[in-house]
């Protein structure tokens with residue numbers, strides 16, 4: 001019976017953790033796509049840094065919300081103080097696991113489950129952050145290539161072929 005209650009609690013908490021992470025990531029991805037659509041690719045270094053800082057900050061808040069959810073369960077079933085609950089949850093979620101606070105034997109299966117969920121959720125967050133950085137780097141490389149191509153168009157103009165230069169410029173803008 002103890003194992004069934006642990007398994008049920010682990011399943012519910014894991015499902016809620018995954019739901020929070022996926023819903024949060026979906027909102028963040030939508031927001032980042034909108035930023036790119038508004039032209040973040042032509043923004044300054046400052047705008048790019050702000051985008052990364054905002055994304056990372058919201059991601060950290062998502063993880064803290066998940067840790068708080070696990071801590072809420074621990075408060076109901078395992079520990080008397082919120083400080084102990086949050087501390088245990090944070091060390092388990094981050095896989096630090098000092099061992100100075102341990103779950104009661106009836107709930108000890110939850111610690112490793114929370115650690116697995118923490119690793120997986122951090123992996124999802126890092127992969128999204130990496131995708132954004134890759135996109136930003138790709139946009140920067142594209143802008144550099146476009147700038148060098150446009151300087152080549154200026155050379156074409158020097159040869160007296162302004163129609164050809166405008167045609168090349170139009171192709172670059174269309175792409």
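Here, each number is a calculation from the coordinates, and none is a lab measurement. Predicted, not measured: the structure shown is a model, and the values here were computed from it. Every residue, glycine as well, gets a Cβ built from its backbone with ideal geometry; the counts of neighbours run over all protein chains shown.
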Calculated FRET efficiency for the pair residue 130/residue 83, C-beta based, R₀ 41 Å, to 0.05: 0.75
Computed FRET value (nearest 0.05) for residue 15 with residue 108, which takes r as the C-beta separation and R₀ as 22 Å: 0.65
Burial ordering of 122, 22, 85, 78, fewest other beta-carbon atoms within 10 Å first: 22, 122, 78, 85
Linear extension gain, residue 57 paired with residue 30, 0.36 nm per residue minus alpha-carbon span: 8.1 nm
Residues 117, 69, sorted so that the one with the fewest Cβ neighbours within 10 Å comes first: 69, 117
For 70, 82, order by how many other beta-carbon atoms lie within 10 Å, fewest first: 82, 70
Residue 94 paired with residue 122, simple spin-label distance in nm, labels 7 Å along Cα-to-beta-carbon: 0.8
